[in-house]
Every structure is written in C-alpha cells, then in structure tokens.
Amino acid sequence: MALRIYNTLSRKKEEFVPREAGKVSMYVCGVTPYAPAHVGHGRFAVAFDVVRRWLEYRGYEVTYVMNVTDVEDKIIAASQREGRDWREVADQYNKAYLMDLADLSVLLPTVMPKASEHVEDIIALVEELIESGHAYVLDGGDVAFHVPSFPEYGRLSRRDLEQQIVGARVEADERKKDAQDFFLWKAAKPGEPSWDSPWGPGRPGWHIECSAMSRKYLGEGFDIHGGGADLIFPHHENEIAQSEAASDGCLARYWMHNGMTNVAREDSDEEKMSKSLGNVIGLRDTIGRVGGPALRYYYIAAHYRSDIPFDDKALEQAASALERLRIGRQTMDRLLERRPKPNGADLEEIEEARLSAGEDFHEAMDDDFGTSRALAALHGIVGAVNRVGAEASASFAPSEEGRHRLSTARETLVELSGLLGLSLDGRRVGRGFATDLVDLLVDVRRKARDAGQYAIADQVRSRLAELGIVLEDRPDGTSWRLK
Ligand SMILES: [Zn+2]
C-alpha cells in the first residue's frame, strides 16, 4: 500500500510521491526561544519525529531541517525585559528545549539552522525579491513584500482578502503600498540587534528567515513542509509568496499541520494556550511530573491533526497505557524463560495477534500517520499475551513452535513501539534520556564528594552550570533545575 499524507494545500489525503526516488526533504518551523517551552512545543516536535521515523523505516533517506527563530521581536523584548543580551536569552531557552526534546526521544533533525547565522542568505533573497519587483524599500530602510505582486496569495489558507488582513493583524503603516504587505527587513532601532544591509542596518522579519533557510538546505523546492496549524496564516502563506516569487517552482509539495494543544477546562470547553491568558503549561514541568516517555505517548495517542485538550487525567491514562505495553513485554520475557516441552502450548493466538497487529500498524501509519490506531495494534499483541499469561500455571511451558512464536511477537512489539519512539526495554521507567543523564551526573558528583574528591565534584557542578543546569544542595540531597 502506498503512503498517504493529508495535504493542507488540497485539503485531501494524497499519495506521497517524493521529488527524487528514495529521498525525502522536509522542513518544519521550529521554536522562537524567548521563554521556557510549553507542551505545544513538545507536540509538534514529536509529531514530525514520528513522520521522520516512519519515512526512514519505509526506506527513504530523510533530510530534516528544523529552524531556530533566534532573531525575532519576542526575543528582543525578552532581552530588554531581562536586561541581558538577546543571544544569551535565545541560547539558554534553545538549550533547554533541546534537553526537552531528548527527554521526549525526539531524534535530532539533520540540521537546526539559526536565523542569526543566515543573515547573508536572507539579505540575498530580499535583494532578489526587490529586483524582481515583488518587494520594495520604504523610507527609513525597511523592506516590504508587495502581496498583490503574487496573485496566488491565499492559496494555502483559502482566506479572502478581508480575513487575511484581520488574521494577520498586519502592522498598519502609511508607507506601505498595500495594507496586506508584510515586512521582510526591519530597519534598526536603538538597542536592537542589527546587521549591515544594502538598505542600512537592520534585521530580518520572521517569515523571510524560513524561506532563506529552507532554500539553503533543501533547495528551491522540497517535499514536505510542516508546522503547527496556527502557522498556516500568515506565516506559511508568506513563506510560499516569498519563496515562489523568487523561483519558478512550488515551495513544498505537501503541507502538513499538527493540531493545537489546548487547555482543558472544567466546563469541558477547551481554550487556546497563550501567555496572555496565563494558562501556559510548561514542557519541562510536565516532563518532570510524568516523564518524557509518558508525555510522548500522550501526544501520539491522538492523531497529529486533531486538537487535543491537555489535562491530568488524559496524561495519567497515557502513562498507564505505556506501562501496559511495558508490562506486556515483561510478561513475554517471563514466559520465554520457561523451557519448551514437546507437548507444550503452540500459542497460535500469539501468532495471530502478531500478524494482525503488524498489518494494522502498517495500514494505520500509511494512512496519514494514524498513530492512535497504530498504538491500538500494539495493545492487541499485549492483550493476547496477557490472556496467555493469566492462564499460565506454574507448570506452563510452550512448545518449540510456541516459543518461537512468542519470541517473534516480542520482537515485533519492541520494533513497532520503537518506530513510534517508545522504548519498552526492561530497565526502570526513566523520566527521559536527558533528565536521566543529569540525574546520573548528580549522583556521580555526590559519590565523588563522599569520597573526598572535591575537585571532581566541583568540576561536575561547573560543567553542568555551563550547560545551564543549576545544582542546589540541601540537607536531604541535591536537586537540579534549568537556569
Ligand atoms: Zn517558518
């Protein structure tokens, strides 16, 4: 069966055909690191990590670019508010986010380019747009994209002109030729980061950063462009306009958007998470509470395109569902310790469960990455195992055939879970890879101190501090937090 992907451009599921056989190029809009990440930032990263893992499993060589928007109004505002350099602000929150991603078992993208390191590429693209008449310089050194110069504007979001202006909250500016025009380059204001350009010192706007970086790493056209559904307009609409006005072809063939992570309320309504509503749920806090693996399970228990309400009950359910898979695996380990007997159990039911789970899993994933159905398939194997386990008396033994079937089913369960980024190995349930590593270092430092090796202990503390991890010694032990 072919892989089908829901394409926001056509509002339909389409068969996935990459530009180049065997290869997939994919760009996903990453975070603006100006504050601690919230649970929505974990969700999109997990959603596209699942996409990447499935494409790789299907034999594609994937080039995955996720940018870091480290030049943006919000970072500048944070740096002024906190009275420190914008680079420090962006670097700190970006490092913390990378740690969150490690805890969520998100594989690092092939490249994570930072806007601040690509200003030359951005300037070159803006120059091209000016030369071809799609952009113009305003008095004062700003540069704007002229939306009427790109007649296909609105193709992705399917909004009419009036909605577009309302949705974009476009900055009103008398110097603009058209109300919809948006800024590609902003002239420097005192105290803001700036770079030299043909139009005087300034900095790039957010939208152009993605067009320049995707072009640099993936070329003028690529296969998949992803991001949260809240980015469809205006960000992705503007990316299309900038990139396609500067080239002949289309920017991306498939546009994928993940649903929003909302806050569940007592009246069973959902509301959007936002800083202004003061209802933001922190990613690090949540990982600290339930662990990265359980949070990852929670994200993929829903389809990536649906909006999900975030509440503690759903999180607990995810944690226990993951635990059920782990225990299922342990039951298999235990049954496999029994010596096979010639007249032992053939375990046909395990074989049947394995075959149908494998089929369901593949079908579900090929149908626009249906992770909830894929997880149900895994639970199908565990259900069969649990029935065998519950009936197995002390004298239970599999036949040679039964043993083989059980061990193949275990392999399938572990492999398919791994494709979703869920590890079922027998070790203790950790809070996530990065968190477990820091716990380990804290423990090593304690042992060094107990043994009087203070130089080593101090070194561990200061190296962790360089990474933004602060240790706090208390009478009852050492705790740590991100700076
Ligand atoms: Zn973007």
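Quick note: the coordinates plus some simple rules give every number you see, no bench work behind them. Source: prediction; values computed, not measured. Neighbour counts are summed over all protein chains in view; Cβ atoms, including those assigned to glycine, are modelled from backbone coordinates with ideal geometry.
Rounded to the nearest 10 degrees, the angle from helix 371-391 to the longest Cα principal axis of the chain is 10 degrees. In this calculation the C-beta distance from SER399 to HIS379 is compared with R0 = 30 Å, giving a FRET efficiency of 0.70. Computed packing ranks the peptides 98-111, 177-190 as 98-111, 177-190, most packed first, by mean other Cβ atoms within 10 Å. In segment 4-258, the alpha-carbon atoms span a convex hull of 123 Å³ per residue.
For segment 257-313, the set of trypsin sites (Lys or Arg not before Pro) satisfying both a DSSP loop assignment and a count of at most 16 other C-beta atoms within 10 Å is given as ARG265, LYS272, LYS275, ARG305.
Panel order for GLU20, GLU56, by other beta carbons found within 10 Å of each beta carbon, from fewest to most: GLU20, GLU56.
In this rough spin-label picture, where each label sits 7 Å from Cα along the Cβ direction, the ILE327-ASP346 distance is 3.1 nm. Among beta bridges from DSSP that stay inside the chain, the antiparallel ones total about 50%. Computed from phi, the 3J(HN,Hα) profile of segment 346-353 under the Karplus parametrisation 6.51, -1.76, 1.60 (θ = phi - 60°) reads 7, 6, 4, 4, 5, 4, 4, 4 Hz, with x in place of Gly and Pro. Cβ crowding within 10 Å, taken as a proxy for footprinting-reagent exposure, orders GLU466, GLU14 from fewest neighbours to most as GLU466, GLU14. Whole-Hz Karplus values for segment 457-470 come out as 4, 5, 5, 4, 4, 6, 5, 5, 4, 4, 8, x, 10, 9 Hz, taken residue by residue from phi with 6.51 cos²θ - 1.76 cosθ + 1.60 and θ = phi - 60°; glycine and proline positions read x.
Take every pair of alpha-carbon atoms less than 8 Å apart whose residues are at least six positions apart; their mean separation over the length of segment 312-419 yields a relative contact order of 44 percent. The angle separating the long axis of helix 206-218 from the principal Cα axis of greatest extent in the chain is about 60 degrees.
For the chain, the mean residue ellipticity at 222 nm estimated from helices alone is -15000 deg cm²/dmol, where every DSSP H run of n ≥ 4 contributes -39500 (n - 2.57) and the total is divided by all residues, rounded to the nearest 500. Counting only other residues whose beta carbon sits under 10 Å from that of LEU335, what net charge do I get with K and R as +1, D and E as -1? Taking every Cβ under 10 Å from that of LEU335, the sum is +2.
Scaling the Cα radius of gyration of the chain by the globular reference 2.2 N^0.38 Å produces a ratio of 1.12.
The GluC sites (Glu not before Pro) of segment 245-345 meeting both criteria, a DSSP state outside H, G, I, E and B (loop) and at most 16 other C-beta atoms within 10 angstrom of the site's C-beta, are GLU266, GLU337.
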